[in-house]
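The values are calculated or read from the model by the stated rules, or taken from the named source; none is laboratory data. If you're wondering where the values come from, they're calculated on a predicted model, not measured in any experiment. A quick note on method: Cβ atoms are made from the backbone with ideal geometry, for glycine too, and the neighbour counts reach across all protein chains shown.
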Amino acid sequence: MRVLRSILLFVITLLLIFLLNRKTGDIPPLGKLLSPFSGFWQNNEDHNIDSEQLNIPGLKAKVIVRLDDNLVPHIFANNNHDLYFIQGYIHAKYRLWQMEFQTYAAAGRISEIIGEKAVDYDRQQRRFGMVYGAENTLKAMLADSLSAEAVNAYTEGVNVWIEALAEKDFPIEYKLLDYKPEPWTPLKCALLLKYMTYDLAGFSNDFFLTNILKTYGQPAIDSLFPSTPLNNNPIIPSGTSWGFLPLPLPVAPKNSIVNVPDIPYNHPPNPDNGSNNWAVSGRKTASGSAILCGDPHLGLNLPSLWFQIQLVSPDCNVTGVSLPGTPSVIIGFNEHIAWSETNVDADVLDWYSIKFKDSSRNEYYHDNQWKTTIKKIDTIKIRGGSAEIDTIIFTEQGPIVGTMDRKPLREFIPTGYAMKWLGHEPTQELRAFLELNRAKNYSEFVNALKYFQCPAQNFVYADVDNNIAIWVNGKFPLKWKNQGKFLLDGTDPANEWQGWIPHNQNPHVINPARGFVSSANQSPADSTYPYYLNWEFETFTRGYRINERLEEMNSINRDSMRLLQGDVKNIIAENVLPVLMENLNISTRPSEEQQIIEALRSWNFLAVSESIEQTFFDLWWREIQALIWDDEFGSKNMRYPDTEVSMNTVMKNVNRKWIDNTTTDEIESLQDIINQSFYLTMDSLNKSYGSDWKQWKWYQTKATRINHLLRIPTFSHSDVKTGGGRLMVNATASDHGPSWRMIVELNDEPLGYGIYPGGQSGNPGSYYYDNMLDSWAMGLQKELVVLHSPSEPNNHIVASITFNQ
Amino acid sequence: MILLLFILLAICTFIWQLFLPWWSICLVTIPLAFIFGRNFRHVVLSAIFSCGIVWFILALCLNEVNGSLMTSRIAVLFSAPSNLWLFIGCFVIAGLTGGISAAAGFSLRRLYGSNKPKVAFKN
């Protein structure tokens, strides 16, 4: 009896410990998590930062890091090895979980952390060739002595932090998901850069466009999906002389477009990845010095995408934002120059139909012969389950991403096609950043850009000698016009990329007559540019508004630039709303609707946070586009024409054939559509936000949120009060927007201002997790502290860390 | 010295957990209950309160570091009505683990049929 009791008590003890020490489903290990010795309590971090002295083996000399009141590190090293070593250490200290998680996401390894439910995602990442591309890029990195030094030192630094990390000090996400950090590798740096490439240049419309072409024919493509924008306000001002002799273009083979099988898809792509940047010459500024501005629009998350930093070594003194997981500064300024990027959206991703000999897919027909495919066996490890083995088939063009048995998650990926992507090639972006960080003048800037290949970016430039410039920069395949607008026949090599546009023939301009340069992802050049980069770029509105304002502005200072970054004028509404009002049949409306119509009529088109007009117009415009296009293009295999085409359709009352709703017997006119959509909008807003229309405030209906990467609500911020929106200069949409805003005055000593929606620490238990969010939402910026020596007194400095060898 | 076991448990589990995982509680409670236990009630109550209070007080101290920034977020994560529930949860987990393991330790002594503490103190 007593023996039994004793055994029972021991069994219960063991069982209890076992259960409390492991993750069960989504419930974290409660014993570990709630223990104040190891659990979440330890992640409560003090607001005050203490100074430290550390001994770090592996350093060549002493390194001093000074921390300012926003927790921005200013790293002073005696050589570049130590500089990037400590950058790695500091990134890991504040952002370890995020940087590691993103490399898992890039490489398709999320199943190792969260189990079965991520397998489809992981398989797609692997078949997309993310690891393949990162491995190629790593080879290029390690073959280049500067990049190799930086990436190896960075890796050492991250690992010194990880090795010394006690379990109680693990970032909270490790504790909730119950796993441990693994050693960092140079491959992870490459994966992180590929993840950005995937985000910015990992999308294509080829599949949708091919379906549209097959269904509605070439005239529909010409009128609704044109290859030149209707309102062309290009990045390089029209009339700029190119000054080079272009290479001959390849000739399009006949019948390059292929039949497409019908494939289901999931959800439309996110069209919000855009950015603004511009620079104004001293001629237009109050101080006489050039001013450079940049705000990359990306997914808004916590921990923040960016990490502010100053990096100082004997040949480098650069301040700006870095990407945790990568050495160097990505957007910023040094003592001589400032630069910022926006995405080009060049077409560097094409799909080739593959004719296999038989179902074994061992051979495919290419260039009049049967060739052997390469099969790579890939193992997806799954937490709490057995691994999944996947075979990825490669042809000369690239990997087959979607197959009938394994349909991809992303809707634009056609089944059975090989993917040709510049992201798979060995590229040298890290070298470009290392050189940019040290560039002293325009020619060194251009030299750095030669290394930057993918994802192509519009690099805006300004220097202390009052030069301004912009380069539409990347490695661009030499294509015939519209090559890759549609899916391509993979049996004929004539459909493949035939060469490259020489770097010095990338569209660029220095010191243009108008006194400013700008880009907002719009069309890079007018029709005189001899090469084809893509058929569609971002809708003209942001670029148009920026150019309109910069044209008329003079005596510019940093505050007027800050206001321009926060500009919320709705250009679409300005153009379209008068036409809508003309066509609206108002006599029969109830008085409440009359009030809204009155408000819209007197609206100044500013999408400020409290605007009710913007809420109404935004939905109304979406309803109009749905009524015009959805009956023809709402199919899962297609997409709508660009907003610009919708604007043209409404303003000029063209495309009447498409306006008619084919699902009804009547022939709808534009006026019918406008009136129907008004009812629908009214109805929908009433249902969603109540009948008191004064409550339909834009910031509430837009509901901007900054989500934690794991979508954990308690680590996220919802209902951030901001104005602006998609296709406006202040492009703050629901979860996309200005992920970093920067203004640099290129005085003799450049002065920078900047902010991002979050904070330097990745720890939700730290004051510095989100301390800049409110200022960001209000459109404010903070001075970017620049130190010239490790001992320089500065009111903003609160602590320092000394690293001894 | 009825509190002796309580005090010893509190000190030892505290030190132990600085170096070992949270479940090392039982590595302390089992032998101490075996040596110093008087009866099940004494052993279980001493262990529940010593282990529970050590966790509770340390949690309280760590919570003060920044005005319960992380504590509040975790309370929301668990849909707890207030932060207090996390402190209670903390007490319960440590108390439960300590109490049951201590009872197990003491039950071993009962196998030998002895009711008296291995080390005797006069009250």
Quiz item: Among the residues of the stretch A:53-69, is there at least one that is over 15 Å from A:Phe803 (Cβ atoms) and more than 9 Å from every other protein chain (Cβ to nearest Cβ)?
Solution: yes
Quiz item: Which residue pairs have Cβ atoms under 6 Å apart, sit 6 or more places apart or on different chains, and have a first residue in the stretch A:494-522 that is part of a strand (DSSP E or B) and a second that is of a type in the set (D, E, K, R) and modelled with pLDDT under 95?
Solution: none
Quiz item: How about the stretch A:113-140: which of its residues are under 15 Å from A:Leu191 (Cβ atoms), of a type in the set (Gly, Ala, Ser) and not in a helix (DSSP H, G or I)?
Solution: A:Gly129
Practice problem: Name, by its number, the condition in (1) modelled with pLDDT of 95 or more; (2) facing chain B (nearest Cβ under 10 Å) that does not hold for A:Phe18. | Solution: (1)
Practice problem: Would you mind telling me which numbered condition in (1) under 29 Å from the mean Cα position of the chain (by Cα); (2) of a type in the set (D, E, K, R); (3) not in a loop (DSSP other than H, G, I, E, B) A:Lys376 fails? | Solution: (1)
Self-check item: Top-ranked residue in the stretch A:710-737 [being away from every other protein chain (no Cβ under 14 Å) and charged (D, E, K, R); ranked as surrounded by the fewest Cβ atoms within 10 Å (Cβ to Cβ)]
Solution: A:Asp719
Quiz item: Hey, does the stretch A:738-756 have a residue that's within 14 Å of chain B (Cβ to nearest Cβ) and modelled with pLDDT of 95 or more?
Solution: no
Exercise. Find all pairs meeting these conditions: Cβ atoms under 7 angstrom apart; at least six residues apart or on different chains; first residue within the stretch A:156-184 and within 14 Å of chain B (Cβ to nearest Cβ) and surrounded by 17 or more Cβ atoms within 10 Å (Cβ to Cβ); second residue of a type in the set (Val, Ile, Thr) and assigned to a helix (DSSP H, G or I).
Key: A:Leu177/A:Ile113; A:Leu177/A:Ile114
Quiz item: Of all residues in the stretch A:691-709 being surrounded by fewer than 17 Cβ atoms within 10 Å (Cβ to Cβ) and touching a Phe, Trp or Tyr at 6+ places or on another chain (Cβ under 9 Å), which is farthest from the other protein chains (Cβ to nearest Cβ)?
Solution: A:Gln695
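Residues to consider are A:Phe476, A:Phe486; find the one that is modelled with pLDDT of 95 or more and aromatic (Phe, Trp, Tyr).
Values: A:Phe486 fails: modelled with pLDDT of 95 or more.
Unique residue meeting the criteria: A:Phe476.
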Self-check item: Unmet criterion (only one of (1) closer than 30 Å to A:Leu751 by Cα; (2) at pLDDT below 95; (3) part of a helix (DSSP H, G or I)) for A:Asp631
Solution: (1)
Practice problem: Tally the residues that are farther than 17 Å from B:Phe91 by Cβ and not small (Gly, Ala, Ser), restricting the search to the stretch B:1-25. | Solution: 15
Practice problem: Kindly provide the set of residues from the stretch A:362-386 that are of a type in the set (Ser, Thr, Tyr) and over 20 Å from A:Arg126 (Cβ atoms), ordered by number. | Solution: A:Tyr364, A:Tyr365, A:Thr372
Exercise. Mind checking which helices (runs of 4 or more DSSP H) fall wholly inside the stretch B:26-117 and carry at least 3 residues that are more than 10 Å from chain A (Cβ to nearest Cβ) and among the β-branched types (Val, Ile, Thr)?
Key: B:40-64
Quiz item: Of the numbered conditions (1) surrounded by fewer than 21 Cβ atoms within 10 Å (Cβ to Cβ); (2) assigned to a helix (DSSP H, G or I), A:Lys194 satisfies every one except a single condition; which is it?
Solution: (1)
Quiz item: So which residues in the stretch B:1-58 are more than 23 Å from A:Glu167 (Cα to Cα) and hydroxyl-bearing (Ser, Thr, Tyr), if there are any at all?
Solution: B:Thr29, B:Ser46, B:Ser50
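Quick grid of which residues meet (1) in contact with a Lys or Arg (Cβ under 9 Å, 6 or more places away or on another chain); (2) closer than 26 Å to A:Tyr699 by Cα; (3) assigned by TED's automatic domain parsing to the domain that holds A:Leu670:
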position	(1), (2), (3)
A:Trp497	yes, no, no
A:Ser518	no, no, no
A:Arg545	yes, yes, no
A:Met553	yes, no, no
Practice problem: Could you check how many residues of the stretch A:601-642 are under 17 Å from A:Gly724 (Cα atoms) and not aromatic (Phe, Trp, Tyr)? | Solution: 14
Quiz item: Is there a residue being in contact with a strand residue (DSSP E or B) (Cβ under 8 Å, 6 or more places away or on another chain), touching a residue at least 40 places away in the same chain (Cβ under 8 Å), under 16 Å from A:Glu156 (Cβ atoms) and of a type outside the set (Asp, Glu) anywhere in the stretch A:104-112?
Solution: no
Exercise. Mind listing just one residue for me: the one in the stretch A:22-41 that is free of Cβ contacts under 8 Å to residues at least 60 places away in the same chain and of a type in the set (A, V, I, L, M, F, W, C) and, of those, farthest from the other protein chains (Cβ to nearest Cβ)?
Key: A:Ile27
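Filter the stretch A:760-789 for residues that are among the aliphatic types (A, V, I, L, M) and crowded, with 19+ Cβ neighbours inside 10 Å; which is farthest from the other protein chains (Cβ to nearest Cβ)? Step through it out loud before you land on a result.
Here is the first cut: in the stretch A:760-789, the ones among the aliphatic types (A, V, I, L, M) are A:772-773, A:777-778, A:780, A:784-787.
Checking which are crowded, with 19+ Cβ neighbours inside 10 Å leaves us with A:772-773, A:777, A:784-787.
Working: A:Met772: 16, A:Leu773: 14, A:Ala777: 20, A:Leu784: 26, A:Val785: 24, A:Val786: 29, A:Leu787: 27 Å.
The qualifying residue farthest from the other protein chains (Cβ to nearest Cβ) is A:Val786.
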Quiz prompt | A:Tyr679, sole failed condition from (1) modelled with pLDDT of 95 or more; (2) more than 28 Å from the chain's Cα centre (by Cα) | solution = (1)
Quiz item: Yes or no: B:Ile7 closer than 24 Å to A:Val3 by Cβ, surrounded by fewer than 24 Cβ atoms within 10 Å (Cβ to Cβ) and either out of contact with any strand residue (DSSP E or B) (no Cβ under 9 Å at 6 or more places or on another chain) or within 11 Å of another protein chain (Cβ to nearest Cβ) (or both)?
Solution: no
Quiz item: For A:Arg589, which of the numbered conditions (1) surrounded by fewer than 18 Cβ atoms within 10 Å (Cβ to Cβ); (2) charged (D, E, K, R); (3) touching a residue at least 24 places away in the same chain (Cβ under 8 Å) fails to hold?
Solution: (3)
Exercise. From the list A:Ser227, A:Ser241, A:Ser289, pick out the single residue that is part of a loop (DSSP other than H, G, I, E, B), outside the structural domain of A:Met196 (by TED's automatic domain parsing) and at pLDDT 95 or above.
Key: A:Ser289
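Per-residue answers, yes or no, for (1) of a type in the set (Phe, Trp, Tyr); (2) part of a helix (DSSP H, G or I):
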site: A:Ala418; (1), (2): no, no
site: A:Leu430; (1), (2): no, yes
site: A:Leu434; (1), (2): no, yes
site: A:Ser443; (1), (2): no, yes
site: A:Gln453; (1), (2): no, no
site: A:Asn458; (1), (2): no, no
site: A:Ala462; (1), (2): no, no
site: A:Asn466; (1), (2): no, no
site: A:Phe486; (1), (2): yes, no
